[in-house]
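The next block holds one structure in the form of structure tokens; read it before the comments.
Each reported figure results from applying straightforward, stated rules to the coordinates on display, with no laboratory input. This structure is a prediction, so every number in the text was calculated from the model and none was measured. In this analysis, Cβ positions are derived from the backbone assuming ideal geometry, glycine residues included, and neighbour counts consider all displayed protein chains.
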Amino acid sequence: MNTLAIDKAIARVPFLAESKNVKKIPLSGGITNLNFKIEADGRSYVIRLAGEGTDQLGIKRDVEYAANKVAGDLGIAPEVVYFIEPEGYIVTRFVTGKRIMPEDIVKPDYLTRIAQKLRLFHRNGPKLKGTFNVFRRVEMLTKTAKSKGAQFPHDWDFIMKKMREAEKALLKDPYIPTPCHNDLLNLNWLDEEVAGDIGEIRLLDWEYAGMGDIFFDLGNFSHHHRLNEDQIRLFLTAYFGSFQPKHYARLRIMWAMSELHEAMWGTTQSVISTLEEDFQGYANLWFGRYRMHVTDYRWEKWLKDVAKKK
């Protein structure tokens, strides 16, 4: 994808096409899509060009748009100002902000504010037309990766056995499908800079949004930021108002499932992506973390605790 694609995209947005003075600045950070900052008539926007083949990762651009639009209206994400169809390119307001570094985001103030942002979307987000069930997604990615000859770990049977254990345990208390973000890595969080007061935390990149389990979001954020026991306790208390062993166990199991999902995302990307990224190395890293999690001496206890009434 090149500057031709961004020029075509700009021509499709009425208020940009009419502008006499448009500047395009490529933004770094994305590994699936290309992002450009567009400056026009004293305002700044971001245009996100969807990567090729991303439909094979189960991404639906209309669902991403619906989630991003409501998240923008709720003050969680940068507001959507235009949607280019059928390509599924999203145009949002450019947020002047700074990345929240991994060592800062785990501090109590940030953890509390992030729990509040997630709860706000979980409780007020739209009923999305896509679902995000980590077990079905791992199966879907496995099928795609196998059909394209991807490399799978030697202990794949064990990896799957542990996934089935987790799903069986969680089904004893089925989740209520809730609008979720599902991709809470560090680069997707931004601290908006505003004059004077505390800025808002903004959450970017809604392409994996769908109706899912809130504990996938909580576990996904936790594993991307390697939360320790005290930080998990604080995070769960900020979200629920109390700390319960049942919630802790569910987060821990979803943490492992999220690591498996990350590993399968890397495995699939290794055979479908045209980008110069070490997706196989990325997959191996996450398979390793998943193994550590499902062989933790507390794993059986977590499997039992998720079915508790409290």
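Length available on full extension from Tyr175 to Tyr297: 0.36 nm per residue minus the Cα-Cα distance, which gives 41.4 nm. Derived scalar couplings between HN and Hα for region 96-111 equal 7, x, 10, 5, 8, 5, x, 6, 8, 5, 8, 6, x, 4, 5, 4 Hz in order, rounded to whole Hz, by the Karplus curve 6.51 cos²θ - 1.76 cosθ + 1.60 (θ = phi - 60°), x for Gly and Pro. Identify, among Phe36, Ile201, Leu128, the residue whose Cα sits farthest towards the positive end of the charge dipole of the chain, taking +1 on the Cβ of Lys and Arg and -1 on the Cβ of Asp and Glu, with the dipole about the Cα centre. Value computed over the given set: Leu128.
What does the charge count near Met264 come to, summing +1 for each Lys or Arg and -1 for each Asp or Glu among other residues with Cβ under 12 Å from its Cβ? Please report the intermediate quantities before stating the final value.
Numbers: positive: Arg136, Arg137, Lys143, Lys146; negative: Glu139, Glu259, Glu262.
Its environment carries a net charge of +1.
Residues Trp299, Trp189 in ascending order of nearby Cβ atoms (within 10 Å, fewest first): Trp299, Trp189. Residue-wise HN-Hα couplings along region 242-256, as the Karplus relation 6.51 cos²θ - 1.76 cosθ + 1.60 with θ = phi - 60° gives them from phi, are 7, 10, 10, x, 4, 5, 4, 5, 5, 4, 4, 5, 5, 4, 5 Hz; Gly and Pro carry x. With a sphere of radius 15 Å drawn around the Cβ of Asn124, what net charge do the other residues whose Cβ falls strictly inside it have (Lys, Arg +1; Asp, Glu -1)? Charge balance in the 15 Å sphere: +3.
Pop the C-beta distance of Gln151 and Asn124 into the FRET formula with R0 = 51 Å and round what comes out to the nearest 0.05. Provide the component values of the computation, followed by the final result.
Working: r = 42 Å, r/R0 = 0.82.
Computed FRET efficiency for Gln151 and Asn124: 0.75.
Could you work out the local net charge near Ala166, counting Lys and Arg as +1, Asp and Glu as -1, over the other residues with Cβ closer than 11 Å to its Cβ? Kindly include the intermediate steps, with their values, before the conclusion.
Values: positive: Lys161, Lys162, Arg164, Lys168, Arg250, Arg252; negative: Glu165, Glu167.
That sum, taken over residues with Cβ under 11 Å, equals +4.
Shown is the FRET efficiency for Asp73 and Gln280, computed with R0 = 41 Å from the Cβ-Cβ distance and rounded to the nearest 0.05: 0.55.
Would you work out the charge dipole size for region 81-122 about its Cα centre, treating the Cβ of every Lys and Arg as +1 and the Cβ of every Asp and Glu as -1, and quote it to the nearest 20 debye? Before the final figure, lay out the partial values.
Numbers: 7 positive and 5 negative charges, 49 e Å.
With only Lys, Arg, Asp and Glu charged at Cβ, the dipole is about 240 debye.
To the nearest 0.05, how large is the calculated FRET efficiency for Lys143 and Lys246 if R₀ is 30 Å and r is the Cβ-Cβ distance? Efficiency, from the Cβ-Cβ distance: 0.35.
Over region 98-305, the reciprocal of the mean inverse Cα-Cα separation, the Kirkwood hydrodynamic radius, stands at 17.8 Å.
What separates the Cα centres of region 109-163 and region 226-246 is a distance of 21 Å.
I need Met140, Met163 ordered by Cβ neighbour count within 10 Å, fewest first. Please report the intermediate quantities before stating the final value.
Values: Met140 16, Met163 20.
So the ranking, lowest neighbour count to highest, is Met140, Met163.
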